[in-house]
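Asks: Have a look at this one before I ask anything.
The values are calculated or read from the model by the stated rules, or taken from the named source; none is laboratory data. This one's a predicted model, so the numbers in the text were calculated from it and none came from an experiment. All Cβ positions, glycine included, derive from the backbone under ideal geometry; neighbour counts span all protein chains shown. The accessibility values were calculated without ligands, DNA or RNA, using every heavy atom of the protein model including side chains. Shrake-Rupley method; radii C 1.70, N 1.55, O 1.52, S 1.80 Å.
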Amino acid sequence: MFSSMVTVISGFRVNVGTTHGDVRVNSGGKLLLVGNVDGALTIARGGYAFIIGMTERLVVEPGGTAKHRGYCTGDAINEGGNLVVMRGAVINGTLHGRSFTQVDPGAKIGHYSEPIDSQTGQAPLPDAVELARTVINDLMHARWAEVRARFDDTMHAELSEEELAAPWAQIAGSVGNYLGHRDTDVARAGDRTITNTPLAFEAGDFVARITFRDDQTISGLYILNPDLPGSAGGSATK
């Protein structure tokens with residue numbers, strides 16, 4: 001049995017030929033890839049790579065930094081580092097973006113594993129689904145103070161606990177008890193992350209639309225009737 005070769009880079013290196021097997025750029029390592037890596041290129045914490053050549057797979061670990069202007073024949077995975085996909089770059093497979101992923105509109109991406117804003121190239125907050133479900137759980141248990149504690153300054157100034165609670169009493173009176181929620185959809189829009197979570201009640205359904213800033217504060221909160229696009233049965237701000 002043969003083990004795959006891994007080339008470890010800890011200093012500065014310019015690659016102009018073909019490297020067989022995987023390449024790992026460790027802390028303090030800097031790679032200028034002009035040639036070809038016929039395996040996975042992994043950027044560890046403290047490592048840096050500028051790619052204008054070709055690799056089969058690209059992985060950026062937390063704390064790693066990579067600028068990609070070349071050709072990736074497979075997937076590119078940002079596990080929490082700083083990945084910049086530049087104009088003219090190609091990712092033939094799927095781009096998995098977390099924490100911070102910047103994609104130039106002039107880059108060619110085969111697929112996105114999560115919705116990225118086409119203008120800014122930024123991915124949604126990594127914990128957006130968990131954040132949305134926590135807020136919904138607080139709302140369903142009438143924990144108004146906990147919800148307001150997550151508001152940004154504008155929301156906090158415009159919506160009191162009483163104003164936050166009022167729509168929920170109306171909803172409960174019209175559609176009965178809350179039964180649960182379905183999967184949360186997440187999308188990036190400019191500098192904010194928008195979540196939409198379907199809510200099931202005894203006699204009807206609603207959608208909780210919660211908008212988060214990058215500091216995880218809430219900048220928008222709507223309870224929408226899915227049968228009436230754009231209508232809100234709850235509270236909302238900018």
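Asks: From Val23, Val14, Val90, Val8, which residue is of a type outside the set (Lys, Arg) and within 21 Å of Ile109 (Cα to Cα)?
Replies: That would be Val90, the only listed residue that is of a type outside the set (Lys, Arg) and within 21 Å of Ile109 (Cα to Cα).
Condition check ((1) open to solvent by 80 Å² or more (accessible area, probe 1.4 Å); (2) part of a strand (DSSP E or B); (3) touching a residue at least 40 places away in the same chain (Cβ under 8 Å)) across all residues:
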position	(1), (2), (3)
Ala172	no, no, no
Gly180	no, yes, no
Arg188	no, yes, yes
Thr193	no, yes, yes
Asn196	no, yes, no
Ala200	no, yes, no
Arg209	yes, yes, no
Gly220	no, yes, yes
